[in-house]
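**Q** Have a look at this one before I ask anything.
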Amino acid sequence: MTVAVEQADQGYRDRIHDGFVAAVREKGLARAQIADICRHARISKRSFYECFPTKEAAFAELCAAASTATFDAVAAFAASDLPWADMVDRAVDLYLQALDDDPLMAAVISYDMAGIGDGGADARREAVDRYAGLLAAASRAASRRDPTVRELSADVALLLVGGIGELVDQAVAAGRPAAELGPVVKSVIGALSRA
């Protein structure tokens, strides 16, 4: 595939993602149809199907893109030389604020990922694994710089990230801002990472 064709394909994918978000805002995920997505994206159904085989595949990619953007921002804090407590504070705040910035999409991702088949469940599991790996690696680096920080094992990091995900799911379902979870998330991470 030539560079021009790849760029055109990415342009359509970006428009489909934007159209998907608009269609979900308009009708909700279950009622949004490919025709709605195409109308908002201003593309033909044929162009949609050239990029994605199904609505579910487009949704899984949209979720993965949103997760990657937030992950990259959080990872920048994890890679910094900030003191552990400051790094945790800033990374948690950034993550929760990203969810609050688009509560509709947070709700859709929270509840509908697993409902779109194996691809959705795989994408959600992959995101949890990435965040758990980041948390474990960040604590390892921090423990090398600061003996009062305990390295979090992969299992503990996975437990933390899974628990945070469940807290977020419940907050979204109750219509509460994710940012309200910040103090409890930070205190649990702090307690488990104290040497």
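**Q** Between residues in the stretch 1-20 that are under 17 Å from Ile34 (Cα atoms) and open to solvent by 50 Å² or more (accessible area, probe 1.4 Å) and residues that are hydrophobic (A, V, I, L, M, F, W, C) and modelled with pLDDT of 80 or more, which pairs lie under 7 Å by C-beta distance while being six or more apart or on different chains?
**A** Hits for this filter: Tyr12/Ile43; Tyr12/Cys51; Arg15/Ala41; Arg15/Ile43; Asp18/Ala41.
**Q** Does the stretch 101-119 contain any residue that is of a type outside the set (S, T, N, Q) and either touching a strand residue (DSSP E or B) at 6+ places or on another chain (Cβ under 8 Å) or modelled with pLDDT of 90 or more (or both)?
**A** Applying the first criterion (of a type outside the set (S, T, N, Q)) to the stretch 101-119 yields 101-109, 111-119.
Okay, now just the ones that are also either touching a strand residue (DSSP E or B) at 6+ places or on another chain (Cβ under 8 Å) or modelled with pLDDT of 90 or more (or both), so none.
No: zero hits.
**Q** So which residues in the stretch 63-108 are open to solvent by 40 Å² or more (accessible area, probe 1.4 Å) and of a type in the set (Val, Ile, Thr)?
**A** Across the stretch 63-108, the qualifying residue is only Thr68.
**Q** For the stretch 180-192, state whether one or more residues are surrounded by 13 or more Cβ atoms within 10 Å (Cβ to Cβ), out of contact with any Asp or Glu (no Cβ under 6 Å at 6 or more places or on another chain), free of Cβ contacts under 8 Å to residues at least 24 places away in the same chain and under 22 Å from Ser80 (Cα atoms).
**A** No, because not a single residue in the stretch 180-192 is surrounded by 13 or more Cβ atoms within 10 Å (Cβ to Cβ), out of contact with any Asp or Glu (no Cβ under 6 Å at 6 or more places or on another chain), free of Cβ contacts under 8 Å to residues at least 24 places away in the same chain and under 22 Å from Ser80 (Cα atoms).
**Q** Condition test on Val24, is it assigned to a helix (DSSP H, G or I) and within 30 Å of Arg150 (Cβ to Cβ)?
**A** Values: assigned to a helix (DSSP H, G or I): yes; within 30 Å of Arg150 (Cβ to Cβ): no.
Against the criterion (assigned to a helix (DSSP H, G or I) and within 30 Å of Arg150 (Cβ to Cβ)), Val24 does not qualify.
**Q** I'm checking my understanding of the structure. Among residues of the stretch 154-179 that are loosely packed, with under 14 Cβ neighbours inside 10 Å and acidic (Asp, Glu), which one is nearest to Asp102 (Cα to Cα)?
**A** Looking at the filtered set, the residue picked out is Glu166.
**Q** Further, regarding this structure: Regarding the stretch 138-159, can at least one residue be identified that is within 16 Å of the chain's Cα centre (by Cα), at pLDDT 90 or above, at negative phi and of a type outside the set (D, E, K, R)? Quick ask: steps written out before the conclusion?
**A** Looking only at the stretch 138-159, we keep the residues that are within 16 Å of the chain's Cα centre (by Cα), and these are 158.
Next cut, at pLDDT 90 or above only: 158.
Now drop any that are not at negative phi, which leaves 158.
Adding the requirement that they be of a type outside the set (D, E, K, R) leaves 158.
Yes, the conditions are met somewhere in the stretch 138-159.
The values are calculated or read from the model by the stated rules, or taken from the named source; none is laboratory data. Only a predicted model underlies this, so the values are computations on that prediction, with no experimental measurement involved. Counting neighbours? That spans all protein chains shown, and the Cβs are built from the backbone with ideal geometry, glycine included. Note: areas computed on protein heavy atoms with side chains; ligands, DNA, RNA excluded. Shrake-Rupley method; radii C 1.70, N 1.55, O 1.52, S 1.80 Å.
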